[in-house]
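Any read-out appearing in this document is the output of simple, stated calculations on the displayed coordinates, not a laboratory observation. Values in this document were obtained by computation on a predicted structure and should not be read as measured data. Cβ placement follows ideal geometry from the backbone for every residue including glycine, while neighbour counts extend to all protein chains displayed.
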Amino acid sequence: MKKRTYGRPEPMVLKDPKIIKIINKKQEEIKMKKLKIRIDGMHCASCAGNIERSLRKVNGVKEAVVSVIGKKAFIQVEGNVPQEELKKAVARAGYKTIAIEE
């Protein structure tokens, strides 16, 4: 007669190194990064709003907050978003990117 077990089932243990490598790579890609973009040409809250909207349209950007006084955008990205895409988004809004810092 089999012994009945109650509670949670035993967790599955991955032993295949290829699968473990793929999972680790995907987890690395999903990690969020915070970036700071220095921007030239902003003068008012409307300018900041235009830049925020443009940055949020970039694939992988999860949050964008722009400071008119500091002339900076603080963004949170998922994975590896190319810096060129961020620069293009700022340019589409009509402003110039000075630098992107991590």
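Points to keep in mind about this one:
- Residues whose amide H falls under 5 Å from that of GLU63, counting only those 5 or more places apart or on a different chain, are GLN76, with hydrogens built in the peptide plane.
- Highest-first arrangement of 73-82, 31-40, where packing means the average Cβ count within 10 Å: 73-82, 31-40
- Here the 3J(HN,Hα) profile of region 22-27, calculated from phi with Karplus coefficients 6.51, -1.76 and 1.60 at θ = phi - 60°, is 5, 4, 4, 5, 5, 4 Hz, Gly and Pro shown as x.
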